[in-house]
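Let me begin by presenting the structure, written as structure tokens, before commenting on it.
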């Protein structure tokens, strides 16, 4: 039975996927592109920071937590210094209450446990994008 996923949005966004597992990164990118957004992949937290700092046009970040060199939690803390309002969704195959509470207390938009279904990722992303303040300071959903 097909999964009901929300239709493509009218305003495309640029989503940065930070994942050291290329197959997982490609799967997330495919789902995001089906929704009408663009997806960029970074294999490390440092690459992600470089992209966000250089372009300043990333609308949301979806990041794995368990990565070599820089964890998703560390990336979240660094991203908050660059853009305190940037939606960051963290995902992990090693979910636990402690890391979930830490992620949310540091400002993560959501915390997803792998494996997750397509609808879970898309709903989380759309919610984060619509709650992000626009340059006028008003969330997009208003």
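Name the residue, out of 108, 55, 42, whose mean-square fluctuation peaks in a Gaussian network model built on the chain with Cα pairs under 10 Å.
Maximum among the listed residues: 55.
Taking the chain as a Gaussian network, where each spring joins two C-alpha atoms under 10 Å apart, which residue of 76, 86, 131 fluctuates the most?
Fluctuation is largest for 131.
Under 15 Å from a point 7 Å along the Cα-to-Cβ line of residue 84: which residues of region 92-116 have their amide N that close?
Within reach of a label on residue 84: 106-108.
May I ask you to compute the full-extension gain from residue 74 to residue 30, defined as 0.36 nm times their residue separation minus their alpha-carbon distance, rounded to one decimal in nm?
Working: separation 44, 0.36 × 44 = 15.84 nm, distance 2.59 nm.
My answer for the length gained is 13.3 nm.
Okay, helix-only estimate at 222 nm for the chain: each DSSP H run of n ≥ 4 adds -39500 (n - 2.57), divide by all residues, round to 500 deg cm²/dmol; what do you get? Before the final figure, lay out each step's value.
Details: 5 runs with 58 residues, N = 142.
Dividing the helical sum by the residues of the chain leaves -12500 deg cm²/dmol.
Cα extents of region 14-130 along the three principal axes, largest first, in whole Å?
33, 31, 27 Å, listed from the longest principal axis down.
Counting alpha carbon pairs within less than 8 Å and at least 6 residues apart, what relative contact order, in whole percent, applies to the chain? Don't jump to the answer; show the numbers that get you there.
Values: 226 pairs, mean separation 29.6, N = 142.
Normalised by residue count, the contact order of the chain is 21 percent.
Only the coordinates and a few stated rules stand behind these numbers; no lab work does. The model shown is predicted, which means the values in this text are computed figures rather than measured ones. Please note: Cβ atoms are built from the backbone with ideal geometry, for glycine as well, and neighbour counts cover all protein chains shown.
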